[in-house]
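Asker: One structure is given below, represented as structure tokens, and several questions about it will come after.
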Amino acid sequence: MTKPWEPPASFNLAHYFLDGNLEAGRGTKVALRTELRDWTYAEIQAESCRVADLLQRFGVRFEERVLLALSDGPEFVATWFGVLRAGAVFAMVNPLLPAEDYAYYLEYTRCSIAVVDAQVAEKLREHLPAARHLRCLVVVGGEPRGLPKAVSYDREVARSSPTHQCADTSPDDLAGWLFTSGSTGKPKAVVHLHRDFAYSTEHYAKQVLRFAESDVTLSISKLFFGYGTGTNLMFPFAVGATTVLFPDRPTPERLFELIERFRPTVLTAVPTSIGAMLEHPLAKETRDLASLRCVLSAGEALPPELLQRWMQRFGVEILDGIGSAEMFHIYITNYPGEVVAGSLGRLVPGYEARIVDDAGRDVPDGEVGLLHVRGGSTGLWYHGAYEKSRETFHGAWCRTQDFFRRDAEGRFWYQGRSDDLLKVGGIFVSPLEIEDCLLQHPQVLECCIVGADDEGGLVKPFAWVVPQPGVARDEALRESVKEWVRVRLARYKFPRWVGFLDALPRNDRGKVARKELRARAAAEEKK
């Protein structure tokens, strides 16, 4: 077994991911491509130095949080590295949220400085007077226009120094906050060290994905989401590769266009976007995806039926895996050349896992239990959530809420989240099994299975279905959906009710909002 990676005593992520490329002679190599221009590693380093100088001029202190609410682009990259270079801590959030959410993040992070897009700054206008911890708001892509505490990114960067030494940090100093999806309340941040992000890079990006200097990356997941920060910023920069960034929505049209223009070798995706690309009329044309050597998928289960259709149409391997904010990135994945449909694959080198019962005892291979995982990227705690931290982090182990089974070959099979499983007639049922079955129905485009109480108060499956375009949403389709499952799975698994939707509701990370659908199912039953 390969010995886990260990960092040197003096360690800063800005040096590990960025400065090392200049020391290796890659200063003139293209690091970042946008539709407007290319940026070399030397240019990104100089810009990050200017941002670090800016932050320190406005009083950022060691390990203080800096909030980033930025679209994908060079300013995000320079700011992310600038924060680390200054010895501060990044906290990244979606730049397309309502104003009230930003007010929450300003208070929760207690950030001293926030670097935000111009439209975010406008949303913050009425909340800035109450932002008691904020000393400076740096506005990207526009003028502050009388906003209190606000300055222009462009003007301040222009007057900053293009040279700035990395802060003297250690591997065990704080580096970043990664937010959870907030599926059970307001999002909480997992606190991570400098070593955590490099550990995942060394073990997953380099050993499993075999990232190389010749790679070009493109991501559907945006940089504010740790999944995208890893695969579309950290991993390519760690080996001197090139990343492609675009600020707008990742529609199928844009993705086909960007792939054909920039020729990426690695595409970071989620099952929803994979399905959208397949269903788009452009997929029926001759689209040139030959540059891709693999597609990465995470965030939700990848249905075997979707994988099969993708392979038949495009022939590019999808490496499905699972990661989390608690572990930073992927720790179980399918390996290149070893993809097994429906399985999440094997452990990433440097990680260990247990599957346990309710009493915390290991279960035999083939049985379902909760997954516990440990490795060198495990977070420290949830900020401001003492009880949740105690429940999740036990020494080196992270206790997930994900049910899995492991087969004799060491492959892991996802069974759903603990709060998603249904107990029907005293037997646990995975909604994923029913969903995978329904996705093979010729008239079903998308679906989600949740639990709903029948007249006797017993839980039964409720199917939310998005029909294929042009399919009538009538009683005949409802009965067809029920019968489809009834004859293919155990009888108690068929959905007792079927509701129709135009699209499944999703959060800002692309995950199906099951909590919302459970509430809607309960409301339907009361009608």
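The values are calculated or read from the model by the stated rules, or taken from the named source; none is laboratory data. Just so it is clear, the model here is predicted, and its values are computed rather than measured. Reconstructed Cβ throughout: ideal geometry from the backbone, glycine too, with neighbour counts over all protein chains shown.
Asker: Any idea which of 181, 214, 219 is at pLDDT below 95 and not basic (Lys, Arg)? Show your work before the answer.
Answerer: Working: 214 fails: at pLDDT below 95; 219 fails: at pLDDT below 95.
Unique residue meeting the criteria: 181.
Asker: Then there's this: Only one residue in 472, 522 is among the small types (Gly, Ala, Ser) and either closer than 29 Å to residue 413 by Cβ or at pLDDT 90 or above (or both), so which one is that?
Answerer: After ruling out the rest, the residue left standing is 472.
Asker: Go through the residues of the stretch 365-372 one by one and say whether even a single one is among the β-branched types (Val, Ile, Thr) and crowded, with 21+ Cβ neighbours inside 10 Å.
Answerer: no
Asker: Tally time: how many residues in the stretch 123-142 are out of contact with any Leu (no Cβ under 8 Å at 6 or more places or on another chain) and not basic (Lys, Arg)?
Answerer: Going through the stretch 123-142 one residue at a time, the tally reaches 6.
Asker: Outside any loop (DSSP other than H, G, I, E, B) and either surrounded by fewer than 13 Cβ atoms within 10 Å (Cβ to Cβ) or on the phi > 0 side of the Ramachandran plot (or both): does that describe residue 516? It would help to see each step written out before you state the result.
Answerer: Numbers: outside any loop (DSSP other than H, G, I, E, B): yes; either surrounded by fewer than 13 Cβ atoms within 10 Å (Cβ to Cβ) or on the phi > 0 side of the Ramachandran plot (or both): no.
Criteria not met by residue 516.
Asker: Scan the stretch 273-300 for residues that are surrounded by 16 or more Cβ atoms within 10 Å (Cβ to Cβ), over 30 Å from residue 325 (Cβ atoms), small (Gly, Ala, Ser) and without any contact (Cβ under 8 Å) to a residue 60 or more places away in the chain and jot them down.
Answerer: 283 - this is the single residue of the stretch 273-300 that is surrounded by 16 or more Cβ atoms within 10 Å (Cβ to Cβ), over 30 Å from residue 325 (Cβ atoms), small (Gly, Ala, Ser) and without any contact (Cβ under 8 Å) to a residue 60 or more places away in the chain.
Asker: A follow-up question, please. Looking only at the stretch 40-54, which residues are farther than 18 Å from residue 27 by Cβ and surrounded by fewer than 24 Cβ atoms within 10 Å (Cβ to Cβ)?
Answerer: 53
Asker: From the list 365, 402, 407, exactly one residue is within 20 Å of the chain's Cα centre (by Cα) and among the acidic types (Asp, Glu). Which is it?
Answerer: Of 365, 402, 407, the one residue that is within 20 Å of the chain's Cα centre (by Cα) and among the acidic types (Asp, Glu) is 402.
Asker: Let me ask another. Condition first: among the charged types (D, E, K, R) and not in a helix (DSSP H, G or I). Can you find one or more residues in the stretch 380-395 that meet it? Give the derivation first.
Answerer: Step one: list which residues in the stretch 380-395 are among the charged types (D, E, K, R), which gives 387-388, 390-391.
Restricting the remaining residues to those that are not in a helix (DSSP H, G or I) gives none.
Scanning the stretch 380-395 turns up no residue that is among the charged types (D, E, K, R) and not in a helix (DSSP H, G or I).
Asker: Got a number for residues in the stretch 18-35 being without any contact (Cβ under 8 Å) to a residue 24 or more places away in the chain and either under 18 Å from residue 219 (Cβ atoms) or of a type in the set (Ser, Thr, Tyr) (or both)?
Answerer: Total satisfying the criteria: 1.
Asker: Residues in the stretch 131-149 that are surrounded by 21 or more Cβ atoms within 10 Å (Cβ to Cβ) and either out of contact with any Lys or Arg (no Cβ under 9 Å at 6 or more places or on another chain) or over 30 Å from residue 328 (Cα atoms) (or both): how many?
Answerer: 2
Asker: Still on this structure: Take the residues in the stretch 303-315 that are in contact with a strand residue (DSSP E or B) (Cβ under 9 Å, 6 or more places away or on another chain) and without any contact (Cβ under 8 Å) to a residue 40 or more places away in the chain; name whichever of them is nearest to residue 331 (Cα to Cα).
Answerer: Going through the stretch 303-315, the residues in contact with a strand residue (DSSP E or B) (Cβ under 9 Å, 6 or more places away or on another chain) turn out to be 306-307, 310-311, 314.
Retained after the next criterion (residues that are without any contact (Cβ under 8 Å) to a residue 40 or more places away in the chain): 307, 310-311, 314.
On the way: 307: 20, 310: 24, 311: 24, 314: 26 Å.
Among them, the one singled out is 307.
Asker: Looking only at the stretch 250-287, filter to residues that are in contact with a Gly (Cβ under 8 Å, 6 or more places away or on another chain) and of a type in the set (Val, Ile, Thr); which one of those is farthest from residue 32 (Cα to Cα)?
Answerer: 272
Asker: Something else: So which residues in the stretch 316-339 are surrounded by 22 or more Cβ atoms within 10 Å (Cβ to Cβ) and free of Cβ contacts under 8 Å to residues at least 12 places away in the same chain, if there are any at all?
Answerer: none
Asker: Ok, one more. Would you kindly identify the strands (runs of 3 or more DSSP E) lying entirely within the stretch 107-220 that contain at least 1 residues that are over 28 Å from the mean Cα position of the chain (by Cα), under 29 Å from residue 384 (Cα atoms) and assigned by TED's automatic domain parsing to the domain that holds residue 93?
Answerer: 136-140, 150-152
Asker: Follow-up. Output the number of residues of the stretch 55-67 satisfying the condition of being under 12 Å from residue 90 (Cα atoms) and surrounded by fewer than 24 Cβ atoms within 10 Å (Cβ to Cβ).
Answerer: Number of matching residues: 3.
Asker: Something else now. Yes or no: residue 210 at positive phi and either in contact (Cβ under 8 Å) with a residue 12 or more places away in the chain or surrounded by fewer than 24 Cβ atoms within 10 Å (Cβ to Cβ) (or both)?
Answerer: Yes; evaluated as a whole, the condition is true for this residue.
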